[in-house]
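Worksheet: the structure to be examined is printed underneath.
No lab work stands behind these numbers, since they all come straight from the coordinates. Just so you know, these numbers come straight off a predicted model, no measurement behind them. Please note: Cβ atoms are built from the backbone with ideal geometry, for glycine as well, and neighbour counts cover all protein chains shown.
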Amino acid sequence: MTESIVIDRSNTSELRADAANRAAYRQRINGKAVVMTVYLVFLMLPIYWLVNMSLKTNMEITSGLTLWPRQLTFGNYIKIFTDQSWYSGYINSLTYVIINTLLSISFALPAAYAFSRYRFLGDKHLFFWLLTNRMAPPAVFALPFFNLYSAIGLFDTPWAVALAHCLFNIPLAVWILEGFMSGVPREIDETAAIDGYSFPHFFIKIFMPLIASGIGVAAFFCFMFSWVELLLARTLTTVNAKPIAATMTRTVSAAGMDWGLLAAAGVLTIVPGALVIWFVRNYIAKGFALGRV
Amino acid sequence: MTKTLNHKAWFLVLPVFAVVAFSAVLPLMTVVNYSVQDTFGNNQFFWNGVAWFQDLLDPSTELGGRFFGALWRTLLFSAIILTIEIPLGILVALSMPREGWRVAFCLVLMALPLLIPWNVVGTIWQVFARSDIGLLGWVVNHMGIDYNYTGHSLDAWITIIVMDVWHWTSLVALLCYAGLKSIPDAYYQAARIDGASRWAVFRTIQLPKMRRVLLIAVLLRFMDSFMIYTEPFVLTGGGPGNATTFLSIDLVKLALGQFDLGKAAAMSLVYNLIILVICWIFYTVMTNVDADRERREA
């Protein structure tokens, strides 16, 4: 009898504690939601302003602050898509970004496999050396790259930029892929070898599908870092391979700032990232952590 | 996982080695070559020994003063960035919703600034902070605060810092969130049974589990803020005066603006050496943490 009372008592106190916990929890949820909302609003405000400006006429932009376009115009976008000097910037950017991504991934795949499966002479030093290139400031390389690519006749071609971006993208791809490959059990390699698969056959037919998500993530990060980098891209091009991001600076020097056009071009450079981000949203932290989460 | 010893693996690494050597070692040799020479134009070079390095490391010379000025500015910038972004990133990661469509929604919106070309980031803030046509500048000025990032150096600094917080805090938050997600639910249940406070849960469960990703976040943010170039270049161009001339900006001015190849090359090498040392610390700490974890899991 006394025992049951004791149990009852403890039960009620537990219940009460539980209710208190739940109230605290609800409060915390609200606190969380507030922090998150404030942060997201802070992130979106500048982007909203850019989109807002890109849909206005220059008259409206300079004549006073309006929170939404009073005279909605798509003229700025139409100009970019019809003027060759503008849209060729996009084509140039995409060209070198795609070349770079393909180069980086195809070179990095075998290397990452070697790092994840074998020990060999100088492997740790080599791995470290690759990392230092990811961390090297592009400003240091701007001038020597300019000389180097001028000397071998690649200056002002997409290849120059693509190769230059390999400097930081190949190490990044190796690191990310190595992270994903280390998650695949070695037994698979051994079983395949016993089953009589040759190495290239095994690698392409069996191993690559297993790390498909890793390849996707690495490709995304190569794409992204090549897309956002401008210092090298601008130094290595003048006319024929000029990236869109460099074309944008033209409106600054032109007589009378063309704000609407600048904003529209800016919005269009955000679009590719926004489109592909959905596919890698769950892996994005792993990519930024160089495959080490 | 034990790895087998196989020196033939070098053949798999060789292509990467060749490409990276071509685009890293070759240019670096050019830089070394320039750093010990002087030029009067016309592609005529003279042996100059280590004079540039002596100048560079002596704050009383013109070049040295300039270098150390930029170095301190860059270090101060990195320090401010870390003290703001790391705690803020942790706070945002802790505020992530638990599940459902809201997680994906938050993740995508948070990652958006990370995917914007760096000069566009500069342009966005250049416009956003202007007092005549930018929302931020207009609002601040109408609140009665005299704010002008092209005229006052303090305003320029604040603008660049806010811009960087806007641009990169999400990286810290995403990494921390990945660390938090790896905590099993059982830990929280145990903490609830023990009646642990919110702070105790954070101190004893969440923070230790985030240690590794936080380390990566700190080092990545340090590296990237230490070599920041494009965003402040677009926003302020290093001005007003020299107020926001960071190392990278100064280096590019020296190399591509004035074509002072010898000085620029010497500066590049010292700059690169600093990065290399930090990188080495990063690598050592990270591999130690890796080994530590493996030992504990084994």
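Looking at the range B:7-104, which chymotrypsin sites (Phe, Trp or Tyr not before Pro) are in a loop (DSSP not H, G, I, E or B) and have at most 16 other Cβ atoms within 10 Å?
B:Phe40
Compute the signed sum of charges (Lys and Arg +1, Asp and Glu -1) over the other residues within less than 15 Å, Cβ to Cβ, of A:Leu163.
Combined, the nearby Lys, Arg, Asp and Glu give -2.
Could you list which residues have their amide H under 5 Å from that of B:Gln37, counting only those 5 or more apart in sequence or on another chain, with H placed in the peptide plane?
Amide H to amide H, under 5 Å and 5 or more residues apart or across chains, B:Gln37 pairs with B:Asn48.
Averaged across the residues of B:273-285, what count of C-beta atoms belonging to other chains lies within 10 Å of each residue's C-beta?
Taking all residues of B:273-285 together, the mean is 3.
Between A:Phe74 and A:Thr62, what is 0.36 nm times their sequence separation minus the Cα-Cα distance? Round to one decimal in nm.
Value of the extension gain: 2.6 nm.
Which residues' amide hydrogens lie under 5 Å from the amide hydrogen of B:Phe45, considering only partners 5 or more residues apart or on another chain, with H built in the peptide plane?
It is none; the list stays empty.
In the structure displayed, which of A:Lys124/B:Lys209; A:Lys286/B:Lys3; A:Lys242/B:Lys253; A:Lys205/B:Lys8; A:Lys286/B:Lys253; A:Lys56/B:Lys253 lie more than 28 Å apart, Cα to Cα?
With Cα atoms farther than 28 Å apart: A:Lys286/B:Lys253; A:Lys56/B:Lys253.
Could you check which residue among B:Ser170, B:Ser60, B:Ser78 shows the biggest mean-square fluctuation in a GNM of chain B with a 10 Å Cα cutoff?
Among B:Ser170, B:Ser60, B:Ser78, the largest mean-square fluctuation in the Gaussian network model of chain B belongs to B:Ser60.
Taking 8 Å as the Cα distance limit and 6 or more residues as the minimum spacing, I'd like the relative contact order of chain B as a percentage.
Reported relative contact order: 25 percent.
What's the extension gain from B:Arg296 to B:Phe259 if we count 0.36 nm per residue and subtract their Cα-Cα distance?
7.9 nm
Between B:Phe45 and B:Ser197, what length comes free when the chain is fully extended (0.36 nm per residue of separation minus the Cα-Cα distance, one decimal in nm)?
Once the chain is fully extended between B:Phe45 and B:Ser197, it gains 47.8 nm.
Within a 10 angstrom radius of each residue's Cβ in A:144-150, how many Cβ atoms of other chains show up on average? Whole number is fine.
Counting Cβ atoms of other protein chains within 10 Å of each residue's Cβ and averaging gives 5.
Tell me the label-point distance for the pair B:Ala104, B:Trp72, using the 7 Å Cα-to-Cβ offset, in nm and rounded to one decimal.
The answer from the label model is 5.2 nm.
Based on the alpha-carbon gyration tensor of the protein assembly as shown and its eigenvalue square roots a ≥ b ≥ c, which shape applies: rounded if a/c is under 1.5, prolate if not and a/b is larger than b/c, or oblate?
oblate
Which listed residue (B:Trp168, B:Gly241, B:Val20) has the Cα farthest towards the positive end of the charge dipole for the protein assembly as shown, taking +1 on Lys and Arg C-beta and -1 on Asp and Glu C-beta about the Cα centre?
B:Trp168
Determine ³J(HN,Hα), in whole Hz, for all residues of the range A:58-63 in sequence, where each value follows from phi through the Karplus function 6.51 cos²θ - 1.76 cosθ + 1.60 and θ = phi - 60°; x replaces Gly and Pro.
Computed from phi, the couplings for the range A:58-63 are 4, 3, 5, 4, 7, 8 Hz.
Using a cut-off of 15 Å between alpha-carbon atoms, which aspartates and glutamates can reach A:Lys32, once sequence neighbours fewer than 8 places away in the same chain are excluded?
B:Glu99
Counting other beta carbons within 10 Å of each residue's own, what order do A:Ile98, B:Ile133 fall into, fewest first?
A:Ile98, B:Ile133
Treating the beta-carbon of each Lys and Arg as +1 and of each Asp and Glu as -1, no other charges, what is the dipole magnitude of the protein assembly as shown about its Cα centre, to the nearest 20 debye?
Computed charge dipole of the protein assembly as shown: roughly 1100 debye.
Give the residue from A:Ile91, A:Phe288, A:Leu210 lying farthest towards the positive end of the charge dipole for the protein assembly as shown; charges sit on Cβ (+1 for Lys and Arg, -1 for Asp and Glu) and the dipole is referred to the Cα centre.
The residue sitting most towards the positive pole is A:Leu210.
Going by amide H atoms built from the backbone, whose H comes under 5 Å of the H on A:Thr157, apart from near neighbours?
So A:Thr157 has HN proximity to no qualifying residue.
Kindly put B:His152, A:His125, A:His165 in sequence by how many other C-beta atoms sit within 10 Å of each C-beta, fewest to most.
Starting with the residue having the fewest Cβ neighbours, the order is A:His125, B:His152, A:His165.
Shape call for the range B:209-256 from the C-alpha gyration tensor, a ≥ b ≥ c root eigenvalues: rounded (a/c under 1.5), prolate (a/b greater than b/c) or oblate?
prolate
With θ taken as phi - 60° and the coefficients 6.51, -1.76 and 1.60, list the Karplus ³J(HN,Hα) couplings across the range B:60-66 in order, rounded to whole Hz; mark glycine and proline as x.
7, 7, 5, 5, x, x, 4
Enter the mean number of other protein chain beta carbons within 10 Å of the beta carbon of each residue in A:106-115, as an integer.
Partner-chain Cβ atoms within 10 Å, mean over residues of A:106-115: 5.
Using label points projected 7 Å from each Cα along Cα→Cβ, tell me how many nm separate A:Ile98 and B:Ile158, to one decimal.
It is 4.6 nm.
Pick from A:Phe42, A:Phe168, A:Phe146: which residue has the top mean-square fluctuation in a GNM of chain A where Cα pairs under 10 Å get a spring?
Looking only at A:Phe42, A:Phe168, A:Phe146, the biggest GNM fluctuation is shown by A:Phe42.
Taking 1 over the mean of 1/r across every pair of different Cα atoms in chain A, what Kirkwood radius in Å do you get?
Averaging 1/r across every pair of different Cα atoms and inverting gives 23.3 Å.
Among B:Leu26, B:Leu219, B:Leu114, whose mean-square fluctuation peaks in a Gaussian network model of chain B (Cα, cutoff 10 Å)?
Among B:Leu26, B:Leu219, B:Leu114, the largest GNM mean-square fluctuation belongs to B:Leu26.
If you put +1 on each Lys and Arg Cβ and -1 on each Asp and Glu Cβ, how big is the dipole of the range B:62-297 around its Cα centre, in Debye rounded to 20?
In total the dipole reaches around 640 debye.
For the ranges A:236-242, B:143-149, B:246-252, what's the packing order if you count other beta-carbon atoms within 10 Å of each residue, average per peptide, and put the highest first?
B:246-252, A:236-242, B:143-149
Once you put a point 7 Å from the Cα of A:His201 and another 7 Å from the Cα of A:Ser106, both along the Cβ direction, what distance in nm separates them?
Output for this residue pair reads 2.3 nm.
What is the ratio of the Cα radius of gyration of chain B to 2.2 N^0.38 Å, with N the residue count, to two decimals?
Taking N as the residue count of chain B, the ratio is 1.23.
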